[in-house]
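Worksheet: the structure to be examined is printed underneath.
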Amino acid sequence: MIDPVLILLAALLSAAAVAVAALLARWPASPLAVSAAGVFAAVVGWRLLANVWLLNEDFMPAVSVGDVICLIAGGLPPALVAAAMRPLARTSLVVAAGTVVAFLVNVVVL
């Protein structure tokens, strides 16, 4: 069982990375905020479900199913925002930041 405070910390760090990447990509404030909030909500929601479904056991050193699905939780919200609000510059940068940081933060923090 992962401590909910750690889940919030991991979600906050992931959302901050998406916000910084969107800022560097010069996204307008609205898609930036929606992407960051979406990543925060997706990571929190997923990690809470992973707690309930007991998906936090490592299948390889320091990596669990809960960690791996954070790749989707971190990348999907900015990808959906970018798809809905075309054209946004450097979409792949923002999506990559969400996927990579959400995964790494969840492996390290959780």
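Among the residues making up region 44-72, a single one is small (Gly, Ala, Ser) and in a loop (DSSP other than H, G, I, E, B): ALA62. Take the residues of region 25-37 that are in contact with a Leu (Cβ under 7 Å, 6 or more places away or on another chain) and part of a helix (DSSP H, G or I): which is most open to solvent (accessible area, probe 1.4 Å)? Of everything passing the filter in region 25-37, LEU32 is most open to solvent (accessible area, probe 1.4 Å).
If the condition is being open to solvent by less than 20 Å² (accessible area, probe 1.4 Å) and without any contact (Cβ under 8 Å) to a residue 60 or more places away in the chain, then region 39-69 contributes ALA50, ASN51, VAL63, SER64, ASP67. Among the residues of this structure, SER64 does not count as one that is under 11 Å from the mean Cα position of the chain (by Cα) and either polar (S, T, N, Q) or farther than 19 Å from VAL100 by Cα (or both). Identify all residues within region 84-110 that are open to solvent by 60 Å² or more (accessible area, probe 1.4 Å) and in a helix (DSSP H, G or I); write none if there are none. ALA84, SER92, LEU93, VAL100, LEU104, VAL108 - these are the residues of region 84-110 that are open to solvent by 60 Å² or more (accessible area, probe 1.4 Å) and in a helix (DSSP H, G or I). Given the structure, is GLY75 closer than 17 Å to ALA19 by Cβ, in a helix (DSSP H, G or I), touching a Pro at 6+ places or on another chain (Cβ under 8 Å) and in contact (Cβ under 8 Å) with a residue 12 or more places away in the chain? Criteria not met by GLY75.
The values are calculated or read from the model by the stated rules, or taken from the named source; none is laboratory data. Please read these numbers as outputs of a predicted model, since none were measured by experiment. We place every Cβ from the backbone using ideal geometry, glycine too, and count neighbours over all the protein chains shown. Surface accessibility is based on the protein's heavy atoms, side chains included, excluding ligands, DNA and RNA. Shrake-Rupley method; radii C 1.70, N 1.55, O 1.52, S 1.80 Å.
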